[in-house]
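Report on one structure; see the data block that follows.
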Number of protein chains: 2
Amino acid sequence: MTPLATEYIPNLSYDSVIFGFSGEKLKILVLEYHNLKTHALPGGFIKKDENLDDAVKRGLMERTGLEEIYLEQFHTFGSMDRYSPQVMRRIMEEQGEEVTSDHWLLGRFITVGYYALINYENVTPTPDELSDSIDWYDYDSLPELMMDHNDIVSKALEHLRTHLDQKLLSMNLLPEKFTMKDLQQLYEAILGEKLNRANFQRKMLALDILERHDKLYSGGSHKAPYLYSFKMIS
Amino acid sequence: MTPLATEYIPNLSYDSVIFGFSGEKLKILVLEYHNLKTHALPGGFIKKDENLDDAVKRGLMERTGLEEIYLEQFHTFGSMDRYSPQVMRRIMEEQGEEVTSDHWLLGRFITVGYYALINYENVTPTPDELSDSIDWYDYDSLPELMMDHNDIVSKALEHLRTHLDQKLLSMNLLPEKFTMKDLQQLYEAILGEKLNRANFQRKMLALDILERHDKLYSGGSHKAPYLYSFKMIS
């Protein structure tokens with residue numbers, strides 16, 4: 001069912017970039033409309049009397065099945081270049097809807113971008129009724145997304161990279177206790193480059209966000225690494 | 001004249017926080033509606049076929065007379081808490097308008113926040129026809145602003161403080177060549193705290209954004225300071 005004009009704010013939408021990580025690679029959650037061969041970010045609309053943040057949480061839950069995710073707003077995209085009513089028309093027609101030329105979904109949309117960073121092994125996304133499938137794609141081999149969605153992903157990643165040190169504490173990407181190597185792999189996946197081990201350790205310890213615990217004894221003969229956790233923010 | 005419903009996107013506005021600095025204090029540009037004793041940030045609406053960024057530049061020019069300012073988008077405010085049609089009704093009635101209860105300006109507005117940082121000695125803001133005056137206020141003694149505008153200022157300053165090192169290069173707050181002391185005063189005004197001179201100098205030089213020039217000879221007997229400029233970004 002197409003969202004009703006009477007329920008939603010016109011000309012305004014949101015799109016969410018859900019980054020996934022599970023120890024090695026950075027992935028992104030993408031919806032697919034099979035018959036249209038179209039890929040898209042999960043997005044949606046804001047009800048007339050709904051807080052923007054609540055709309056994004058609700059919509060993400062409805063479209064992907066993901067709940068209780070910490071989402072961060074990063075940018076609002078308002079260029080006329082992103083106006084492309086023909087894409088929305090095809091999606092609606094594929095649903096068997098009759099689409100009049102003044103349909104509110106064919107209007108111009110300014111979209112608010114949000115992102116999240118989650119451990120993709122902990123969640124099972126499920127597609128909604130509009131899209132046919134939902135999948136994790138490697139960031140390195142992302143398909144062409146509809147409208148300006150690839151640009152939205154780039155801008156989200158740029159924001160995440162700039163704020164990585166502050167953001168990691170609020171995101172549950174690592175087990176409660178982890179080694180310096182685990183943390184370095186996470187940074188490398190997000191930054192897209194290999195880091196020097198000694199420099200990385202020095203920088204992380206200088207940030208004063210880590211608490212050191214006992215060593216991880218594996219029974220092997222090699223040197224056991226220390227375990228760390230994030231310090232609680234008061 | 002009240003903006004016409006047919007020309008603008010409903011339910012969406014922008015507000016701009018213009019920070020001013022001229023060697024010592026951090027100030028903010030505020031509009032006042034005298035009869036209503038109401039203070040507000042300069043804001044406005046987006047035309048149906050206008051790029052968001054262009055709308056903000058146009059609106060700021062119309063409302064304050066300021067042109068060619070580099071504005072940075074920092075956050076979109078979408079809480080229902082900010083819905084306050086009575087404020088807008090009073091402003092319109094003060095203009096002698098007849099205000100019907102379904103007037104589009106009495107609707108709920110989500111607002112996109114932008115900020116700029118300028119040298120306030122270089123500009124002469126002029127008020128528009130809706131507001132009676134426009135003035136620079138010290139950040140330390142800002143009046144109570146309408147709706148959630150004080151929160152918008154706080155969030156803008158938080159964003160500016162977090163990104164200060166990257167932002168300064170794009171903003172013309174200092175003369176082309178300046179001393180380390182000039183730069184430190186700018187940082188202190190924005191951060192709202194005194195900084196240690198030696199630490200500040202060490203940090204700034206480590207950022208590798210400054211180019212050192214000849215010393216500033218004043219003819220006095222005290223030691224002449226070096227002059228610096230920002231390195232061009234390639």
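Only the coordinates and a few stated rules stand behind these numbers; no lab work does. Predicted model, so just to flag it, every value in this text is computed and none were measured. For neighbour counting, all protein chains shown are included, and Cβ atoms are generated from backbone atoms with ideal geometry for every residue, glycine included.
Here the simple spin-label model places points 7 Å from the Cα toward Cβ, and for residue A:158 and residue B:90 these points are separated by 4.1 nm. When DSSP assigns beta bridges and you keep just the ones with both residues in chain A, what percent turn out antiparallel, to the nearest 5? Taking every DSSP beta bridge within chain A, about 70 percent pair in antiparallel fashion.
Is there a simple number for the mean count of other chain Cβ atoms within 10 Å of the Cβ of residues in A:162-168, and what is it?
Working: counts 3, 2, 0, 0, 1, 0, 0.
Partner Cβ neighbours, averaged per residue: 1.
Net length available on complete extension from residue A:37 to residue A:223 is 61.9 nm, with 0.36 nm assigned per residue and the Cα-Cα distance removed.
Take each residue in B:8-15, count the other chain C-beta atoms within 10 Å of its C-beta, and the mean is 4. Among beta bridges from DSSP that stay inside region B:1-119, the antiparallel ones total about 60%. Taking only the alpha carbons of the protein assembly as shown, we obtain Rg and Dmax values of 25.4, 85 Å in that order. With Cα atoms as the point set, chain A shows a radius of gyration and Dmax of 20.4, 71 Å.
Shielding value for B:17-29 is 0, the average number of Cβ atoms from other chains within 10 Å of each residue's Cβ. Projected over all directions and averaged, the alpha-carbon convex hull of region B:67-183 occupies 9.4 nm². The C-alpha atoms of chain B define a longest principal axis, and helix B:149-162 lies at about 30 degrees to it.
So if R0 is 60 Å, what FRET efficiency would residue A:48 and residue B:212 give, r being the distance between their Cβ atoms, rounded to the nearest 0.05?
Values: r = 57 Å, r/R0 = 0.95.
Efficiency, rounded to the nearest 0.05: 0.55.
If I model a spin label at residue A:193 and residue A:119 as a point 7 Å from the Cα along the Cα→Cβ vector, what separation in nanometres do I get? Using points 7 Å along Cα→Cβ, the separation is 2.9 nm. Between the residues A:145, A:78, A:107, the greatest Cα displacement towards the positive end of the dipole of region A:5-167, with unit charges on the Cβ of Lys, Arg, Asp and Glu, is found for A:78.
Ignoring solvent entirely, what values of log10 I(q)/I(0) come out of the Debye formula for region A:176-230 at 0.24 Å⁻¹ when each Cα is a single scatterer? After summing over all Cα pairs, the log10 values are -1.02.
What percent antiparallel are the DSSP beta bridges of the protein assembly as shown, to the nearest 5? Write out the running numbers ahead of the final one.
Details: 52 of 74 bridges.
In the protein assembly as shown, approximately 70 percent of DSSP beta bridges are antiparallel ones.
In order along region A:119-124, the phi-based Karplus estimate (6.51 cos²θ - 1.76 cosθ + 1.60, θ = phi - 60°) of 3J(HN,Hα) comes to 7, 6, 6, 8, 10, 10 Hz; Gly and Pro are listed as x. Straight-line cross-link partners of residue A:215 among the lysines, defined as a Cα under 24 Å from its Cα and at least 8 positions apart when in the same chain: A:177, A:181, A:203, A:223, A:231.
What are the distances, in nm and sorted shortest first, from the label point of residue A:164 to the label points of the same position in each other copy, with each label point placed 7 Å from Cα along the Cα-to-Cβ direction? So the label point of residue A:164 gives 2.5 nm to the other copies. Coupling constants for region A:139-144 follow from the phi torsions by the Karplus curve (6.51 cos²θ - 1.76 cosθ + 1.60, θ = phi - 60°), and in residue order they are 4, 5, 10, 6, x, 5 Hz; glycine and proline get x. For region A:5-167, the number of Lys pairs separated by eight or more positions or lying on different chains, with C-alpha atoms closer than 27 Å, is 16. Remark on residue B:76: its backbone amide H falls under 5 Å from those of B:113, a criterion applied only to residues 5 or more positions apart or on other chains, H modelled at 1.01 Å from N. Which is the longest run of chain A containing none of the GluC sites (Glu not before Pro) found in DSSP loop states (not H, G, I, E, B) with at most 15 other C-beta atoms within 10 Å? The answer is A:25-66. What do you get for the angle between helix B:197-207 and the principal long axis of chain B? Use alpha-carbon atoms, 0 to 90 degrees, nearest ten. Computed tilt is about 80 degrees. Helix A:85-94 axis versus longest C-alpha principal axis of chain A: approximately 80°, rounded to the nearest ten. Annotation for residue B:205, label-to-label distances across the other copies: 2.6 nm (shortest first, one decimal, point 7 Å from Cα along Cα→Cβ). Placing +1 on the Cβ of every Lys and Arg and -1 on the Cβ of every Asp and Glu, with no other charges, gives chain B a dipole of roughly 1280 debye about its Cα centre.
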